[in-house]
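Right, one structure below, let's go through it.
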Amino acid sequence: MLGRLLLRVLITGAMLWLMVRVLPGFSVDYAREPEVIGIAALLLALINATIGPILMVLTLPLRVLTLGLFTIVVNAGLLMLVDHWVDGLTIDGFGWALVGAVVFGLGSAILSALVSAGRRRRW
């Protein structure tokens, strides 16, 4: 279980680093970039592992009504929460958090698929 959490933190960190580089609405204190991204990745991975599933259950009616698109809103809210808690990470509003949630979701799905495909090949 600890290995999966560490892998999730690494994937989350890679996606946060990419979003800071690609999305103009995301910025980081570049003097402390590795520290800020590391803390934000750990916090976001822990939030997604604990609070995320609870929010997904609580918002189930809205997610069903919107055919799952409300999940992006929940993930954007979690990104904004991390932005609020981590000093040095800045997201310029909820609109950019929505864009970040889409990029984060797609990118982490691709990275997770690549990592799991790599694991299957080794065995």
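The values are calculated or read from the model by the stated rules, or taken from the named source; none is laboratory data. All values derive from a computational prediction rather than experimental measurement. Here the Cβ positions follow ideal geometry from the backbone for every residue, glycine too, while neighbour counts run over all protein chains shown. These area figures cover heavy atoms from the full protein model, side chains too; ligands, DNA and RNA do not enter into them. Shrake-Rupley method; radii C 1.70, N 1.55, O 1.52, S 1.80 Å.
Screening Ala49 with (1) among the small types (Gly, Ala, Ser); (2) open to solvent by 60 Å² or more (accessible area, probe 1.4 Å); (3) within 20 Å of Trp96 (Cα to Cα) gives one miss only, at (3). Among helices (runs of 4 or more DSSP H) entirely within segment 6-123, having at least 3 residues that are among the aromatic types (Phe, Trp, Tyr) singles out 94-122.
In segment 80-104, the residues that are without any contact (Cβ under 8 Å) to a residue 60 or more places away in the chain and surrounded by fewer than 21 Cβ atoms within 10 Å (Cβ to Cβ) reach residues that are part of a helix (DSSP H, G or I) and not aliphatic (A, V, I, L, M) with C-beta atoms within less than 7 angstrom, at least six apart or across chains, in these pairs: Met80/Phe94. Looking across Leu16, Leu23, one residue alone is under 12 Å from the mean Cα position of the chain (by Cα) and closer than 22 Å to His84 by Cβ. It is Leu16.
This table checks each residue for (1) in contact with an Asp or Glu (Cβ under 8 Å, 6 or more places away or on another chain); (2) modelled with pLDDT of 90 or more; (3) within 14 Å of Ser108 (Cβ to Cβ).
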site	(1), (2), (3)
Gly3	no, no, no
Thr12	no, yes, yes
Leu18	no, yes, yes
Leu42	no, yes, no
Leu46	no, yes, no
Gly68	no, yes, no
Asp83	no, yes, no
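Residues that are of a type in the set (Val, Ile, Thr) and loosely packed, with under 14 Cβ neighbours inside 10 Å within segment 1-25 comprise just one, Val22. When restricted to residues that are surrounded by 15 or more Cβ atoms within 10 Å (Cβ to Cβ), more than 12 Å from the chain's Cα centre (by Cα) and among the aliphatic types (A, V, I, L, M), segment 26-41 contains 3.
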